[in-house]
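The values are calculated or read from the model by the stated rules, or taken from the named source; none is laboratory data. Just so we're clear, the structure is a prediction, and the values are computed from it rather than from any experiment. When we count neighbours, we look across all protein chains shown, and the Cβ atoms used for this are built from the backbone with ideal geometry, even at glycine.
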Amino acid sequence: MGTGTRSMLLPARNRTLRFSPTEIQHLTLGTVLVAAAGVDLFVTDYGFSTLPLIIATLLFAMGFILHELAHKYVAQRYGLWAEFRVNTMGVILTAISVISPLKFIAPGAVVISGFADKDRMGWTAIAGPIVNIVITIGLLVTLPLLGHSLIASAVVTGAAINAYLALFNLIPFAIFDGRKVYVWNRRYWAIVFIVALILTAYTYIFVGL
């Protein structure tokens, strides 16, 4: 997850979402890995139950795809070239997460080319975690309507994964989104990070992880 830059390699262009065949392949691989890691989390706590498992899988996949598309959309709105690419280490670590209790969910990142100043990179980087936060809150709002059921468990697990994706990507180091946001605007970073931390703690306690 996250964003990477290759400044000035290509001219700014494409203000709408467009996908190359290569990007679709990379997004598919990333989505499968993230969904598998999330499914392992759900099955470990609630076992196999077809409909809740399908719902949970879709929520995990949605969180990943919309996170990456948010990066891509904002970057392209700025007139930048942006495509998702997996990377070898990210794929390996995410694959290990499928069978490990510790989840490293970062199979790749949206790579950006063009003139990307601090503001452009900041808004592009913060877009992904914000999407996950919105998804988390939206899922939590639906819980009172679902009662005590496995479907509710699938929804809250989906919320937990989305909150975790937001928090994980806001780490202010290395290639994570959080580093770019922190350098750009520390106040925005602190607000979004604290919200993601609260939601992660709440949902994981709720799920009982």
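Being surrounded by 23 or more Cβ atoms within 10 Å (Cβ to Cβ), in contact with a strand residue (DSSP E or B) (Cβ under 6 Å, 6 or more places away or on another chain), of a type outside the set (Ser, Thr, Tyr) and under 23 Å from Gly90 (Cβ atoms) narrows it down to one residue among Ala166, Ala125; which is it?
Ala125
Of everything in segment 169-185, what is in a loop (DSSP other than H, G, I, E, B) and touching a Pro at 6+ places or on another chain (Cβ under 6 Å)? Give them in sequence order. It would help to see each step written out before you state the result.
Filtering segment 169-185 for residues in a loop (DSSP other than H, G, I, E, B) gives 170-176, 185.
Passing the criteria: only Leu170.
Within the group Ser153, Ser100, which residue is crowded, with 16+ Cβ neighbours inside 10 Å and farther than 19 Å from Ile194 by Cβ? Step through it out loud before you land on a result.
On the way: Ser100 fails: crowded, with 16+ Cβ neighbours inside 10 Å.
Exactly one of Ser153, Ser100 is crowded, with 16+ Cβ neighbours inside 10 Å and farther than 19 Å from Ile194 by Cβ, namely Ser153.
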(message) Name the residue that is modelled with the lowest pLDDT, counting only residues in segment 36-70 that are crowded, with 23+ Cβ neighbours inside 10 Å, of a type in the set (Phe, Trp, Tyr) and in contact with a Ser or Thr (Cβ under 7 Å, 6 or more places away or on another chain).
(response) Phe42
(request) Could you tell me which of the residues Ala127, Ala163, Ala159, Ala106 is outside any helix (DSSP H, G or I), within 15 Å of the chain's Cα centre (by Cα) and within 30 Å of Ile54 (Cβ to Cβ)? (result) Ala106
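Given Leu145, Leu140, Leu93, which one is in contact with a helix residue (DSSP H, G or I) (Cβ under 8 Å, 6 or more places away or on another chain), over 24 Å from Leu17 (Cβ atoms) and not hydroxyl-bearing (Ser, Thr, Tyr)? Full working, then the answer.
Values: Leu145 fails: in contact with a helix residue (DSSP H, G or I) (Cβ under 8 Å, 6 or more places away or on another chain); Leu93 fails: in contact with a helix residue (DSSP H, G or I) (Cβ under 8 Å, 6 or more places away or on another chain).
Exactly one of Leu145, Leu140, Leu93 is in contact with a helix residue (DSSP H, G or I) (Cβ under 8 Å, 6 or more places away or on another chain), over 24 Å from Leu17 (Cβ atoms) and not hydroxyl-bearing (Ser, Thr, Tyr), namely Leu140.
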(request) Residues being crowded, with 20+ Cβ neighbours inside 10 Å and modelled with pLDDT under 90: count how many of those fall in segment 81-97. (result) 3
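So which residues in segment 95-113 are farther than 18 Å from Leu69 by Cβ and not charged (D, E, K, R), if there are any at all? Spell out the reasoning first.
Start the filter on segment 95-113 by keeping residues that are farther than 18 Å from Leu69 by Cβ, which leaves 95-104.
Correct list: Ala95, Ile96, Ser97, Val98, Ile99, Ser100, Pro101, Leu102, Phe104.
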(message) If I filter segment 195-209 for residues that are free of Cβ contacts under 8 Å to residues at least 12 places away in the same chain and more than 30 Å from Ser49 (Cβ to Cβ), do I get at least one hit?
(response) no
